[in-house]
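Quick notes on the structure that follows.
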Amino acid sequence: MGINEIIMYIMMFFMLIAAVDRILSQFGGSARFLGKFGKSIEGSGGQFEEGFMAMGALGLAMVGMTALAPVLAHVLGPVIIPVYEMLGANPSMFAGTLLACDMGGFFLAKELALGVLAGIVTIPIGCIAGGLVAMYSGVQINGQPVEFTFALILMNMIPVLIVAVLVALGLKFIPEKMINGFQIFAKFLVALITLGLAAAVVKFLLGWELIPGLDPIFMAPGDKPGEVMRAIEVIGSISCVLLGAYPMVLLLTRWFEKPLMSVGKVLNMNNIAAAGMVATLANNIPMFGMMKQMDTRGKVINCAFAVSAAFALGDHLGFAAANMNAMIFPMIVGKLIGGVTAIGVAMMLVPKEDATAAKTEAEAQS
């Protein structure tokens with residue numbers, strides 16, 4: 001049994017605990033039947049529900065872009081492929097530079113790939129870590145082993161590094177224009193995803209091909225079950241993983257509260273900020289809701305950590321499990337190392353007076 005399978009077994013263990021809590025909550029609660037242990041798992045049933053209900057939000061974000069992947073590859077390919085070849089990188093990295101793996105980045109990368117490389121989505125240091133782990137993880141595509149060499153990883157980091165540097169410089173020297181640019185890009189992306197979703201649904205229900213070349217969103221004639229997964233099936237698979245991922249984060253935060261608070265002290269931030277980092281591993285939206293209770297240092301560290309580490313034990317884990325099981329562990333390692341590295345950078349950027357105030361507040365809470 002490999003590390004990827006062990007991770008999935010752990011997820012399913014927490015899923016079963018949450019299922020038991022949800023069942024017992026209908027008859028007075030887990031504490032009534034299981035005593036102290038039942039009290040320790042109360043609330044996980046709610047996270048069980050949250051994991052499955054995430055299917056709607058995931059579908060809204062994923063289905064349209066997934067259906068559009070071959071169309072975008074056809075339109076952008078003539079421009080993207082020569083540029084990336086000139087840099088010595090695989091064109092599939094373009095998708096991962098702009099889109100998260102579960103927002104169409106993976107499928108667009110597959111369409112643009114000129115070899116066996118699939119986009120690795122994270123910041124450069126996370127790319128190195130994930131790639132190095134992937135070297136020894138037995139990753140296969142179409143039954144053939146994928147060889148990740150250090151040179152291959154570095155070459156394919158070049159476009160990501162260029163974009164990261166440009167974004168950093170932009171945020172440093174023209175922050176307002178960069179933020180406006182991000183907002184415009186986000187609106188364009190929502191419009192594009194909505195267009196793709198609407199066209200894909202019309203094609204599925206009426207057979208009208210409003211946009212030529214769209215991928216089917218359900219199983220199509222000729223698809224082999226277990227080998228080809230369409231958008232709706234992928235979303236369902238992700239939700240099955242989230243049934244265990246969300247309860248796991250909740251229960252680990254509860255069961256290991258003291259060690260986590262110790263981490264907060266080491267980083268000189270308050271307890272809410274420490275809890276926010278754990279929540280980010282499943283989904284960064286709860287973390288943003290907690291920000292008003294964080295100190296300044298905690299806010300900076302949480303935002304930096306979330307850039308790479310967000311969804312490592314949530315949506316992205318579910319996506320990796322659904323599409324390429326062998327990449328589960330490399331994905332987690334890459335995202336966590338990228339997040340930890342970002343924390344180090346953030347700690348150097350936070351003013352000393354904020355750090356001192358955070359430390360005082362953390363000591364007061366303890």
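Our estimate of slack between residue 349 and residue 49, defined as 0.36 nm per intervening residue step minus the Cα-Cα distance, is 104.1 nm. Near residue 25, once Lys and Arg are set to +1 and Asp and Glu to -1 for all other residues with Cβ below 12 Å from its Cβ, the sum equals -1. Take the alpha carbon atoms of segment 194-270, find their center, do the same for segment 300-344, and report the distance between the two centers in whole angstrom. Using only Cα atoms, the two centres lie 14 Å from each other. Computed over every Cα-Cα pair of segment 193-304 and binned at 10 Å starting from 0, the pair-distance distribution P(r) comes out as 13, 29, 19, 18, 17, 5 percent.
In order along segment 37-52, the phi-based Karplus estimate (6.51 cos²θ - 1.76 cosθ + 1.60, θ = phi - 60°) of 3J(HN,Hα) comes to 5, x, 5, 6, 9, 4, x, 5, x, x, 5, 4, 5, 4, x, 6 Hz; Gly and Pro are listed as x.
Taking R0 as 51 Å, what's the FRET efficiency between residue 87 and residue 258 from their Cβ-Cβ distance, rounded to 0.05? Show your work: numbers first, answer last.
Values: r = 48 Å, r/R0 = 0.94.
Computed FRET efficiency for residue 87 and residue 258: 0.60.
For residue 79 and residue 10, compute 0.36 nm times the residue count separating them, minus their Cα-Cα distance, and round to one decimal in nm.
20.5 nm
Note on residue 154 and residue 218: the extension gain reaches 19.4 nm, defined as 0.36 nm multiplied by sequence separation minus the Cα-Cα distance.
Rule-based calculations on the coordinates, nothing more; no lab input. The model shown is predicted, which means the values in this text are computed figures rather than measured ones. Every residue, glycine among them, receives a Cβ derived from its backbone with ideal geometry; neighbour counts consider all protein chains shown.
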